[in-house]
Structure formats: C-alpha cells, structure tokens
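Scroll down for the structure; my scribbles are underneath it.
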Amino acid sequence: MGALTGQVAVVTGATRGIGNAIARRLADEGANLALIGTRQETADAAAAAIAQDTKVQAKGYAVDVSDFAKVNEVISRIIADFGRLDILVNNAGITKDNLLMRMREEEWDAVLAVNLKGAFNCLKAASRTMLKAHYGRIVNIASIVGLSGNAGQCNYAASKAGLVGFSKSLARELASRDITVNVIAPGFIDTDMTAALPQATREALCTQIPMGRCGKPEDVANAVCFLASPAAAYITGQVLCVDGGLAM
Ligand code: NAI
C-alpha cells in the first residue's frame with residue numbers, strides 16, 4: 001500500500017518528460033491516474049505502460065489545455081470515470097524562445113495560453129470537486145526562469161512567474177478547505193524540451209549548476225509526489241526549486 005492508494009491524480013503533459021515521470025511516481029504510491037496529452041494514442045500508450053508496470057488504474061485523455069471548454073469536458077469525464085479527483089498536477093508547458101525585439105505576437109500568446117491559461121482552465125474545472133470533498137493537492141510546475149528571468153524567454157518567464165502569483169492567490173482561497181496549492185520550479189532538467197538546445201548551451205548551463213549535473217525528470221517527480229501526499233498537509237503557497245542549487 002502506497003501513501004496515495006485509492007486517490008485519483010490528474011497530470012497534464014503526462015505523455016513524456018517530467019509529466020510522465022510525475023505520473024509514474026504517483027502511480028508507484030498507489031494513485032490511480034488520468035494522463036492528459038495532446039494526442040489520444042500517445043496518452044493511451046503512456047497510460048497502458050503505467051498500468052502494466054504498477055497495477056493502478058490509468059487512462060489517457062487528449063485535450064489542448066489552452067481550450068477552456070474542452071478542458072472542462074475532459075475533467076468532467078475524468079471525474080465521472082474515476083469517481084473522485086484528489087491531485088492535480090499542471091505540468092503541460094511549451095517554449096517559443098526569442099528576444100523581445102524578434103518575438104512575434106503568436107509566440108507570446110501561445111506560451112501564455114498553454115503555460116498559464118492552461119493551468120487556469122484545469123483548476124476552474126477541477127477545484128469544485130476538491131471543494132466539495134474538503135481535500136485536494138494542487139501542484140503547478142513553473143520554472144526557476146519565472147523567478148530569475150532569462151534573456152530570450154520573456155514569454156516563458158512571464159507565464160511561469162504568472163503561475164507563481166496565481167498559485168499563491170489560489171492557495172489563500174482554498175486553504176480553509178484543506179486544499180493545498182504549491183509550485184515546483186525545476187532548474188535544468190534532461191528532457192525533450194532541453195534536448196532542443198544546442199549542445200554548447202547545454203554544457204555551459206550544466207557548469208553553472210552547483211551539483212554539477214542536469215536534473216532528471218525523477219528528481220522533479222519526487223518533490224511533486226511529496227507535495228501531493230497527505231504528509232504535506234501543512235504546506236501551501238510555497239515555491240520549491242528543484243535545480244541542484246542553480247537558483248539559490
Ligand atoms: P516536454 O516538452 O518534454 O513535455 C511537455 C508535455 O506537455 C508533453 O507531454 C506535451 O504533449 C504536453 N503539452 C504541450 N502542450 C500541451 C497542450 N497545449 N495541452 C496539453 N498538453 C500539452 O517538456 P518537459 O521538459 O517535460 O517540461 C514539463 C514542464 O516542466 C513544463 O511546464 C516546463 O515548462 C517545465 N520545466 C521544464 C524544465 C526543463 O529543464 N525540462 C525546466 C523548468 C520547467
């Protein structure tokens with residue numbers, strides 16, 4: 001029996017990278033899983049792999065988190081399918097990097113729509129059920145870039161800083177119902193997102209990390225799992241950096 005046995009967790013962007021590691025870690029603790037991705041086949045495949053390895057109930061759902069009406073439909077379907085919703089991890093995120101001088105309006109809008117409005121959409125749909133149950137664990141995945149800024153990532157940094165303010169406000173709104181809202185701010189983590197960077201940039205970034213290595217998706221997943229557990233009952237409105245010391 002794990003600490004989350006019988007609970008139901010929704011993880012967005014769960015088909016690969018950090019989101020997939022989070023879903024696996026929560027499943028290891030016994031949580032049943034709704035995995036949200038952009039394509040049904042990849043969401044189904046990720047769910048099937050987790051169900052096979054851990055024996056929890058896992059199901060894939062396809063939705064673009066920036067679509068308010070469709071997110072509402074999918075979260076309602078998840079609640080109908082599983083009968084409850086205890087944990088929501090807003091992990092889906094994208095980058096469209098450019099210096100402000102070159103940044104197109106679409107690049108700004110797309111990143112804010114997925115990274116910030118996506119979390120709003122999921123929380124609007126999920127919070128009612130948590131309020132009724134007087135229980136919930138919400139973990140939003142931001143970035144240390146949202147705390148420190150980064151040249152070439154105005155849109156991304158704004159979306160992640162926005163998530164921090166959003167989370168702290170919501171933490172205040174929901175605290176009296178035993179619903180916690182916390183933020184994980186990863187540093188430089190080895191995933192498809194960072195694999196897109198040139199090798200020289202990756203190496204230069206790694207030399208700045210006090211621990212001398214990039215993070216693994218599992219490093220982030222372990223921290224999320226703690227904040228999503230009953231053990232983290234008295235922690236809310238916090239930002240926890242998982243970055244090997246990079247942002248301290
Ligand atoms: P990734 O690109 O490997 O995975 C992103 C996931 O989000 C994929 O499953 C993708 O299908 C999903 N996704 C993208 N747009 C979506 C949409 N509109 N609707 C639904 N799902 C969507 O990225 P990675 O590296 O695993 O990042 C996960 C989160 O962690 C993101 O929010 C990212 O900003 C954040 N992060 C990552 C860092 C890193 O170094 N990799 C550092 C700091 C934060």
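The values are calculated or read from the model by the stated rules, or taken from the named source; none is laboratory data. What you see is a predicted model, and the numbers here were worked out from it, not measured in a lab. In this analysis, Cβ positions are derived from the backbone assuming ideal geometry, glycine residues included, and neighbour counts consider all displayed protein chains.
Within the group A69, A92, which residue is without any contact (Cβ under 8 Å) to a residue 12 or more places away in the chain and out of contact with any Lys or Arg (no Cβ under 8 Å at 6 or more places or on another chain)? Quick ask: steps written out before the conclusion?
Numbers: A92 fails: without any contact (Cβ under 8 Å) to a residue 12 or more places away in the chain.
Among A69, A92, only A69 is without any contact (Cβ under 8 Å) to a residue 12 or more places away in the chain and out of contact with any Lys or Arg (no Cβ under 8 Å at 6 or more places or on another chain).
Quick one: count up the residues across region 35-76 that are out of contact with any Leu (no Cβ under 8 Å at 6 or more places or on another chain) and buried (at least 19 other Cβ atoms within 10 Å of the Cβ).
Residues that pass the stated criteria total 9.
If a residue must be touching a residue at least 24 places away in the same chain (Cβ under 8 Å), part of a loop (DSSP other than H, G, I, E, B) and either surrounded by fewer than 17 Cβ atoms within 10 Å (Cβ to Cβ) or not charged (D, E, K, R) (or both), how many such residues does region 227-246 contain?
Restricting attention to region 227-246, the residues satisfying the condition of being touching a residue at least 24 places away in the same chain (Cβ under 8 Å) are 227-233, 235-246.
Add one more test, that the residue is part of a loop (DSSP other than H, G, I, E, B), and what stays is 228-229, 233, 235-238, 243-246.
Narrowing further to those that are either surrounded by fewer than 17 Cβ atoms within 10 Å (Cβ to Cβ) or not charged (D, E, K, R) (or both): 228-229, 233, 235-238, 244-246.
So the count comes out to 10.
Please work out which one of (1) more than 11 Å from the ligand (Cβ to nearest atom); (2) in a helix (DSSP H, G or I); (3) surrounded by fewer than 18 Cβ atoms within 10 Å (Cβ to Cβ) is the condition A110 fails and give its number.
(1)
Please determine whether any residue of region 89-100 is under 26 Å from A171 (Cβ atoms), at pLDDT 95 or above, more than 9 Å from the ligand (Cβ to nearest atom) and of a type outside the set (D, E, K, R).
Yes, region 89-100 contains a residue that is under 26 Å from A171 (Cβ atoms), at pLDDT 95 or above, more than 9 Å from the ligand (Cβ to nearest atom) and of a type outside the set (D, E, K, R).
Kindly list the number of the only condition in (1) within 15 Å of V164 (Cβ to Cβ); (2) among the charged types (D, E, K, R); (3) at pLDDT below 95 that fails for R213.
Unmet condition: (1).
With respect to R84, determine if the residue is assigned to a loop (DSSP other than H, G, I, E, B) and either at pLDDT 95 or above or within 12 Å of the ligand (Cβ to nearest atom) (or both).
Values: assigned to a loop (DSSP other than H, G, I, E, B): yes; either at pLDDT 95 or above or within 12 Å of the ligand (Cβ to nearest atom) (or both): yes.
Yes; evaluated as a whole, the condition is true for this residue.
Please state which one of I184, I209 is surrounded by 14 or more Cβ atoms within 10 Å (Cβ to Cβ), touching a residue at least 24 places away in the same chain (Cβ under 8 Å), in a loop (DSSP other than H, G, I, E, B) and within 13 Å of the ligand (Cβ to nearest atom).
The unique qualifying residue is I209.
Determine whether region 145-161 contains at least one residue that is within 22 Å of G6 (Cβ to Cβ), more than 10 Å from the ligand (Cβ to nearest atom), of a type in the set (G, A, S) and in a helix (DSSP H, G or I).
Within region 145-161, the first condition is being within 22 Å of G6 (Cβ to Cβ), and the residues that meet it are none.
No, the conditions are met nowhere in region 145-161.
Taking region 227-241, which residues are over 17 Å from L26 (Cβ atoms) and either among the aromatic types (F, W, Y) or within 16 Å of the ligand (Cβ to nearest atom) (or both)?
Y234, V239, C241
Which residue, of V224, V220, is within 12 Å of the ligand (Cβ to nearest atom), assigned to a helix (DSSP H, G or I) and within 23 Å of R128 (Cα to Cα)?
Numbers: V220 fails: within 23 Å of R128 (Cα to Cα).
Answer to the check: V224.
Identify all residues within region 164-181 that are of a type in the set (S, T, Y), closer than 22 Å to A221 by Cβ and part of a helix (DSSP H, G or I); write none if there are none. Walk me through how you get there before you give the answer.
Narrowing region 164-181 to residues of a type in the set (S, T, Y): 167, 169, 176, 180.
After this cut, where a residue has to be closer than 22 Å to A221 by Cβ as well, the list is 167, 180.
Answer for region 164-181, where residues must be of a type in the set (S, T, Y), closer than 22 Å to A221 by Cβ and part of a helix (DSSP H, G or I): just S167.
If you go through region 30-59, how many residues are part of a helix (DSSP H, G or I), within 16 Å of the ligand (Cβ to nearest atom) and farther than 14 Å from G13 by Cβ?
Of all residues in region 30-59, those part of a helix (DSSP H, G or I) come to 40-54.
Checking which are within 16 Å of the ligand (Cβ to nearest atom) leaves us with 40-50.
From what is left, the residues that are farther than 14 Å from G13 by Cβ are 40-41, 44-45, 48-50.
Summing the residues that are part of a helix (DSSP H, G or I), within 16 Å of the ligand (Cβ to nearest atom) and farther than 14 Å from G13 by Cβ in region 30-59 gives 7.
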